[in-house]
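Trainee: Okay, here's the structure, questions in a sec.
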Amino acid sequence: MIDYSSKLPDTEVSIFAKVSQLAKENSAINLGQGYPNFDCDDALKELITYFLNKGKNQYCAMAGLLELRESIADKIFKEYECKIDAETNITITAGATQALFTSISAFVKMGDEVIVIEPAYDSYVPSIQVCGGIPICYALKGPDFKMDWSKFAALLNDKTRMVIINSPHNPIGKIFTEDDMLQLQNVLKGTNVILLSDEVYEHLVFDGNKHQSVLRFPDLFDRSLIVYSFGKTFHSTGWKIGYCIGPEHLMKEFRNVHQWNVFSVNSFIQYALAEYLKNPANYNQLSGFYQSKRDYFNTQMKSSRFKALGCEGTYFQLFDYSQISDLGDIKFNELLAREYGVVGIPVSVFYKEQFQNNVLRFCFAKTEDMLGQAAQLLCRV
């Protein structure tokens, strides 16, 4: 047997794999996995078929198809009034997680500290650790999950290499306001810290609010890498295609790593997306689409003993179950699967120290039929 020392000795099977298995074993409705149970737009599939049949099957440029990067640059200007260079500021990636991992790999060295706001998407911490970095976790606590920027600022020191933010936020559904972004900008001013901004749910912002992208703040943009996902935007998570935006001096180093672990992303989907993005209606209707699903699910859950927490964005709704049970959220989620036939995600797993909030996350990127059936079962708890 080969002797080796694991870079991630404490890593377990992903919670998403565990929850999917739990749902399967109990024939339960799976509201844990964060993907839609409905298909993407037929028009987009037709474009993909068209370019596939046109023979667009060979390598694209390492940074991605220029036509797609130009469509993205045009979209960014329309959305955020920010001019970016398609040649130097955008790289197409094999999904958002690859973009996050590459961003961290490109800049985090042994002993560097990276501040992570918890609860956090589960790829952040392992990505930091595999690079020899040290995750410094700032824990938001329910039920309001409110940022205290003075406490956050106290975590920065000379070892801080990077800060990771996520808005709209998975799993808590919060969004950063303009004031939050200005406070963050002030905290980072005068430092040598890189900002990694996970904005994969940029179009899923509700109740008339605007997504406060880093792209709206020039001083932040100059130190940032910003990550997006076509899969989240266009109901096609299995395609694993996204992109990263950043200033040229950071993007150059990002690509230096990207070329050696991915090089380029599948070609015919890039051609299709370049064309599909030209119509803003294909993404501007998403906030209303998902807000109606949020509202429908919450209405169906009103007669339950679960307490809905505020959901300002994403397609995840948190529910506090403290009036129902004092079981920890992992055990309570297992109970739901076994006895009531519904599975969510325990929020404690999004904390490094598994902080207990007595809160579950349910995904409402589902058909109304599935959401109604799940709510009916949960109302029996």
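The values are calculated or read from the model by the stated rules, or taken from the named source; none is laboratory data. Model, not experiment: these values are computed from the prediction. We place every Cβ from the backbone using ideal geometry, glycine too, and count neighbours over all the protein chains shown.
Trainee: What's the number of the only condition in (1) at pLDDT 90 or above; (2) out of contact with any Gly (no Cβ under 8 Å at 6 or more places or on another chain); (3) surrounded by fewer than 18 Cβ atoms within 10 Å (Cβ to Cβ) that SER27 fails to meet?
Mentor: Single failed check for SER27: (2).
Trainee: Suppose we filter SER20, SER27, SER5 for residues that are out of contact with any helix residue (DSSP H, G or I) (no Cβ under 7 Å at 6 or more places or on another chain) and outside any loop (DSSP other than H, G, I, E, B); which single one remains? Even if it seems obvious, please write down each step before you answer.
Mentor: Values: SER27 fails: outside any loop (DSSP other than H, G, I, E, B); SER5 fails: outside any loop (DSSP other than H, G, I, E, B).
Answer to the check: SER20.
Trainee: Still on this structure, please answer the following. Evaluate the range 358-369: report whether one residue or more is of a type in the set (S, T, N, Q), in contact with a helix residue (DSSP H, G or I) (Cβ under 9 Å, 6 or more places away or on another chain), in a loop (DSSP other than H, G, I, E, B) and surrounded by 17 or more Cβ atoms within 10 Å (Cβ to Cβ).
Mentor: Among the residues of the range 358-369, at least one is of a type in the set (S, T, N, Q), in contact with a helix residue (DSSP H, G or I) (Cβ under 9 Å, 6 or more places away or on another chain), in a loop (DSSP other than H, G, I, E, B) and surrounded by 17 or more Cβ atoms within 10 Å (Cβ to Cβ), which makes the answer yes.
Trainee: Is at least one residue of the range 80-88 among the hydrophobic types (A, V, I, L, M, F, W, C), surrounded by 20 or more Cβ atoms within 10 Å (Cβ to Cβ), in contact with a Cys (Cβ under 9 Å, 6 or more places away or on another chain) and closer than 30 Å to ASN266 by Cα? Talk me through it step by step, then tell me what you get.
Mentor: Here is the first cut: in the range 80-88, the ones among the hydrophobic types (A, V, I, L, M, F, W, C) are 82, 84, 86.
Adding the requirement that they be surrounded by 20 or more Cβ atoms within 10 Å (Cβ to Cβ) leaves 84.
Okay, now just the ones that are also in contact with a Cys (Cβ under 9 Å, 6 or more places away or on another chain), so none.
The answer is no, given that none of the residues of the range 80-88 is among the hydrophobic types (A, V, I, L, M, F, W, C), surrounded by 20 or more Cβ atoms within 10 Å (Cβ to Cβ), in contact with a Cys (Cβ under 9 Å, 6 or more places away or on another chain) and closer than 30 Å to ASN266 by Cα.
Trainee: For the range 266-284, check the following and say yes or no: at least one residue is over 21 Å from TYR35 (Cα atoms) and of a type in the set (Val, Ile, Thr).
Mentor: For the range 266-284, residues over 21 Å from TYR35 (Cα atoms) and of a type in the set (Val, Ile, Thr): absent.
Trainee: Among (1) farther than 30 Å from PHE268 by Cβ; (2) modelled with pLDDT under 95, which single condition is LEU155 missing?
Mentor: For LEU155, the failing item is (2).
Trainee: So THR102 ticks every box in (1) assigned by TED's automatic domain parsing to the domain that holds PRO247; (2) at pLDDT below 95; (3) among the hydroxyl-bearing types (Ser, Thr, Tyr) but one. Which box is left unticked?
Mentor: Tallying (1) assigned by TED's automatic domain parsing to the domain that holds PRO247; (2) at pLDDT below 95; (3) among the hydroxyl-bearing types (Ser, Thr, Tyr), THR102 fails exactly one: (2).
Trainee: Another question, if that's okay. Considering only the range 271-316, state which residues are within 17 Å of VAL359 (Cβ to Cβ), more than 18 Å from the chain's Cα centre (by Cα) and part of a helix (DSSP H, G or I).
Mentor: Result: PHE297, ASN298.
Trainee: Can you tell me which residue in the range 103-125 is surrounded by the fewest Cβ atoms within 10 Å (Cβ to Cβ), limited to those that are more than 24 Å from ASN89 (Cα to Cα), of a type in the set (D, E, K, R) and in contact with a strand residue (DSSP E or B) (Cβ under 9 Å, 6 or more places away or on another chain)?
Mentor: The residue in question is ASP112.
Trainee: Scan the range 361-379 and tell me whether some residue there is free of Cβ contacts under 8 Å to residues at least 60 places away in the same chain, touching a Pro at 6+ places or on another chain (Cβ under 7 Å) and of a type outside the set (Ser, Thr, Tyr).
Mentor: Filtering the range 361-379 for residues free of Cβ contacts under 8 Å to residues at least 60 places away in the same chain gives 369.
Cutting the leftovers down to touching a Pro at 6+ places or on another chain (Cβ under 7 Å) gives us none.
No: zero hits.
Trainee: Against the definition (more than 24 Å from VAL205 (Cα to Cα), of a type outside the set (S, T, N, Q) and assigned to a helix (DSSP H, G or I)), how does LYS352 come out, yes or no?
Mentor: Details: more than 24 Å from VAL205 (Cα to Cα): yes; of a type outside the set (S, T, N, Q): yes; assigned to a helix (DSSP H, G or I): no.
No.
Trainee: Mind checking which residues of the range 158-182 are in contact (Cβ under 8 Å) with a residue 40 or more places away in the chain and either closer than 21 Å to PHE107 by Cβ or of a type in the set (Phe, Trp, Tyr) (or both)? Give the steps one after another, and end with the answer.
Mentor: Residues of the range 158-182 that are in contact (Cβ under 8 Å) with a residue 40 or more places away in the chain, as a first pass: 159-175.
Scanning the range 158-182 gives LYS159, THR160, ARG161, MET162, VAL163, ILE164, ILE165, ASN166, SER167.
Trainee: Let me ask something additional. Looking for something crowded, with 16+ Cβ neighbours inside 10 Å and assigned to a loop (DSSP other than H, G, I, E, B) - is there at least one such residue anywhere in the range 223-233? Quick ask: steps written out before the conclusion?
Mentor: Just the residues of the range 223-233 that are crowded, with 16+ Cβ neighbours inside 10 Å, to begin with: 223-233.
Cutting the leftovers down to assigned to a loop (DSSP other than H, G, I, E, B) gives us 223.
Yes, the range 223-233 contains at least one residue that is crowded, with 16+ Cβ neighbours inside 10 Å and assigned to a loop (DSSP other than H, G, I, E, B).
Trainee: A follow-up question, please. Checking the conditions here, which among THR88, THR49, THR97 is within 23 Å of GLU199 (Cβ to Cβ), of a type in the set (S, T, N, Q) and outside any loop (DSSP other than H, G, I, E, B)? Outline the logic, then answer.
Mentor: Details: THR88 fails: outside any loop (DSSP other than H, G, I, E, B); THR49 fails: within 23 Å of GLU199 (Cβ to Cβ).
Testing whether each residue is within 23 Å of GLU199 (Cβ to Cβ), of a type in the set (S, T, N, Q) and outside any loop (DSSP other than H, G, I, E, B) leaves just THR97.
Trainee: Still on this structure: All but one of (1) over 25 Å from PHE176 (Cβ atoms); (2) touching an Asp or Glu at 6+ places or on another chain (Cβ under 9 Å) hold for ASN357, so report the exception by its number.
Mentor: Among (1) over 25 Å from PHE176 (Cβ atoms); (2) touching an Asp or Glu at 6+ places or on another chain (Cβ under 9 Å), ASN357 violates only (1).
Trainee: If ASP326 satisfies every condition in (1) assigned to a loop (DSSP other than H, G, I, E, B); (2) of a type in the set (Asp, Glu); (3) closer than 29 Å to HIS203 by Cα but one, which is the exception?
Mentor: Only one criterion in (1) assigned to a loop (DSSP other than H, G, I, E, B); (2) of a type in the set (Asp, Glu); (3) closer than 29 Å to HIS203 by Cα is unmet by ASP326, namely (3).
Trainee: Pull up the range 291-324, narrow it to residues that are of a type in the set (A, V, I, L, M) and out of contact with any Pro (no Cβ under 8 Å at 6 or more places or on another chain), then point me to the one that is nearest to ARG361 (Cα to Cα). Explain how you work it out, then say what you get.
Mentor: Narrowing the range 291-324 to residues of a type in the set (A, V, I, L, M): 301, 308-309, 318, 324.
Restricting the remaining residues to those that are out of contact with any Pro (no Cβ under 8 Å at 6 or more places or on another chain) gives 301, 308, 324.
On the way: MET301: 14, ALA308: 10, ILE324: 16 Å.
Once the filter is applied, the top-ranked residue is ALA308.
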